[in-house]
Amino acid sequence: MTTALITGITGQDGRYLAEHLLGLGYRVVGMVRGQDNPRRALVEAELPQVELAQGDLLDNASLISLVRRVEPDEVYNLAAVSFVPISWNQPDLTGEVTGLGVLRILEAIRQAGGEDGRIRFYQASSSEMFGRVAESPQNESTRFHPRSPYGVAKCYGHYITVNYRESYGLYACSGILFNHESPRRGPEFVTRKITRAVARIKLGRQKELVLGNLDSKRDWGFAGDYVRAMHQMLQQPSPDDYVIGTGEAHSVRKFVEVAFGVAELPWEQFVRTDPSLIRPAEVDHLRADATKAQRILGWLPTVTFEELVRLMVEADLEAERVHG
Ligand code: NAP
Ligand code: F7E
C-alpha cells in the first residue's frame, strides 16, 4: 500500500487531497501542529481513515522523526502561512513557515534516504510568485516578481525544491497553482467571504459586505480538480514543475456579481468598499497557461467559473440554514 504524508491536512487542499488519495487506496498520514488544534476534530470527523501525527514546519526534529516513523512514499507539503495580508503583519513568521519550512521538510526527507528518489515530494508553490506579471498568461518560464512577503517566501520554497532536486537527486516537484476555491475555503479569502456573505444576507443575518479592491483579476478554479494534479505530478517518470489553472481570469467585482446573482440579490445595494482592505502592493491580474500540465499530465479542470461560484453559494446557503 502506498503511504502519503500530508502537511497542512487541516487546510482546504489537505482535506481534498486526503479524500482523493484515500479513494485511490492510499494510507494517508496527516501532520497536525499544536497541542489542541481546533481543526483536528474537523479532519477526524470528515476523514476518520486519516492517521494524524504531531509535527510543525517550524520544528526540525519533529519533521525528521515524523518522516522516519511514517516511511512515506509520497510527501505533500501543503502547510503554510497562506493568507497574503497576514504576511505583511507577520513577515518573519511567514518566511519561517512558508519559506524555510520547505527546507526543513526537504532536509528531513534527504536524511531519511530520499536521495535515491524513493520518497517523492510535492511543494505547494503559488501563482503569487508571478506578482507583477512579466507576461500574460503565465507559464513555467515566466519570471517571478512577488508582491508580498508571502509571495517572496513561496519563491524561496520553490527554488529550494528545485535546488534539492538538482543538488541531491531528490524526486521533488513544484506545482505552481493558481487560486483554487471550494466550500472548504477559509472564510478570510475573498471568494468564501463573498459567498458566505451572500448566504447570510439572503437569510437576513448580515446587512452588508465590506471588500477591498474589486478590480483585481484572478484565475479561479475548483480545489477538488487541483489536488488531482498534485498527485499526477508525483506519478511521472521524472520530477518537474507545472503551472495549474483554468486559463480564464475574472475580477473580484465579477465574482460578486455572479454570487449575488445566484441568490437573486442586487449586489450594489449590499457591497461597500473600505480602503483599509487595500493591500500595500497588489497583484492585479493572474491568468494561467497550463499547457504543459495538459500535455504531460493530461490534466484539465472540470468546474467552470460560474459552476464554482454557484456551488460555493449553494453550500453556504445550506450551511447557514443547518448550522447558522
Ligand atoms: P490553508 O487552508 O490556509 O491551509 C494551510 C495549512 O497550513 C493548515 O493546515 C495549517 O494548519 C497549516 N500550517 C500553518 N502553519 C503551520 C506550521 N507552522 N506547521 C504545520 N502546519 C502549518 O491553505 P490551502 O488553501 O489549503 O493551500 C494549501 C497550500 O497551497 C498552501 O501552502 C498555500 O500557500 C498553497 N497555495 C494555495 C492556493 C489556493 O488558492 N488555495 C494557491 C496556490 C498555492 P493549522 O490548522 O494548524 O493552522
Ligand atoms: O484575494 C482582493 C484581494 O485573499 C484575492 C491564497 O490562497 O491565492 C490566494 O491568495 C483578491 C486580491 O487570495 C478583499 O486584494 C478584495 O486581489 O482571496 P484572496 P490571494 O491573495 O489571491 C494564492 C494563489 C495563494 O497562493 C494564497 O495562498 O481579492 N480582495 N477585497 C480581497 N481579498 C480578501 N481576502 N478580502 C477582501 O475583503
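Restricting attention to region 240-261, the residues being in contact with a Gly (Cβ under 8 Å, 6 or more places away or on another chain) and assigned to a loop (DSSP other than H, G, I, E, B) number 2.
Of everything listed in (1) assigned to a loop (DSSP other than H, G, I, E, B); (2) hydrophobic (A, V, I, L, M, F, W, C); (3) in contact with a strand residue (DSSP E or B) (Cβ under 7 Å, 6 or more places away or on another chain), the single unmet condition for A229 is (1). When region 132-171 is limited to residues that are farther than 25 Å from T291 by Cβ and aromatic (F, W, Y), the one that is farthest from ligand 1 (Cβ to nearest atom) turns out to be Y168. Taken over region 293-317, the criterion of being farther than 17 Å from E181 by Cα and over 20 Å from the mean Cα position of the chain (by Cα) is satisfied by R295, I296, G298.
Screening E264, E268 for residues that are part of a helix (DSSP H, G or I), without any contact (Cβ under 8 Å) to a residue 40 or more places away in the chain and either more than 24 Å from the chain's Cα centre (by Cα) or assigned by TED's automatic domain parsing to the domain that holds A124 (or both) leaves exactly one candidate, E268. Scanning region 116-138 for residues that are surrounded by fewer than 17 Cβ atoms within 10 Å (Cβ to Cβ) and either more than 14 Å from C173 (Cα to Cα) or among the hydroxyl-bearing types (S, T, Y) (or both) yields D116, R132, A134, E135, S136.
Condition check ((1) assigned to a helix (DSSP H, G or I); (2) at pLDDT 95 or above; (3) surrounded by 20 or more Cβ atoms within 10 Å (Cβ to Cβ); (4) of a type outside the set (D, E, K, R)) across all residues:
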position: H145; (1), (2), (3), (4): no, yes, no, yes
position: N163; (1), (2), (3), (4): yes, yes, no, yes
position: S174; (1), (2), (3), (4): no, yes, yes, yes
position: E188; (1), (2), (3), (4): no, yes, no, no
position: I201; (1), (2), (3), (4): yes, yes, yes, yes
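Evaluate the following for G34: is it small (G, A, S), surrounded by 22 or more Cβ atoms within 10 Å (Cβ to Cβ) and either more than 15 Å from ligand 2 (Cβ to nearest atom) or closer than 22 Å to E181 by Cα (or both)? The answer is no for G34.
Close Cβ contacts (under 6 Å, 6 or more residues apart or on different chains) running from residues in region 118-145 that are closer than 22 Å to I105 by Cβ and touching a residue at least 24 places away in the same chain (Cβ under 8 Å) to residues that are of a type in the set (F, W, Y) and more than 15 Å from ligand 1 (Cβ to nearest atom) comprise R120/Y171. Among residues of region 76-87 that are closer than 11 Å to T98 by Cβ, those with a Cβ under 6 angstrom from a residue that is more than 6 Å from ligand 1 (Cβ to nearest atom) and in a loop (DSSP other than H, G, I, E, B), sequence gap 6+ or separate chain, pair up as F83/E188; V84/S148; S87/S148. Of the residues making up region 218-256, those that are farther than 26 Å from Y159 by Cα and charged (D, E, K, R) number 3. Filtered by the rule that a residue be away from ligand 2 (no atom under 16 Å from the Cβ) and in a strand (DSSP E or B), region 58-86 gives E74, V75. State whether the residues of region 244-256 include one that is outside the structural domain of L170 (by TED's automatic domain parsing) and farther than 22 Å from G131 by Cα. Checked region 244-256: at least one residue is outside the structural domain of L170 (by TED's automatic domain parsing) and farther than 22 Å from G131 by Cα. With respect to the numbered conditions (1) closer than 30 Å to K202 by Cβ; (2) surrounded by fewer than 16 Cβ atoms within 10 Å (Cβ to Cβ); (3) at pLDDT 95 or above, which one is the sole condition not fulfilled by P237? Checking P237 against (1) closer than 30 Å to K202 by Cβ; (2) surrounded by fewer than 16 Cβ atoms within 10 Å (Cβ to Cβ); (3) at pLDDT 95 or above, the one that fails is (1).
The values are calculated or read from the model by the stated rules, or taken from the named source; none is laboratory data. What you see is a predicted model; the values in this text were computed from it and never measured. Because the Cβ atoms are built from the backbone with ideal geometry, glycine has one as well, and the counts that use them run over all protein chains shown.
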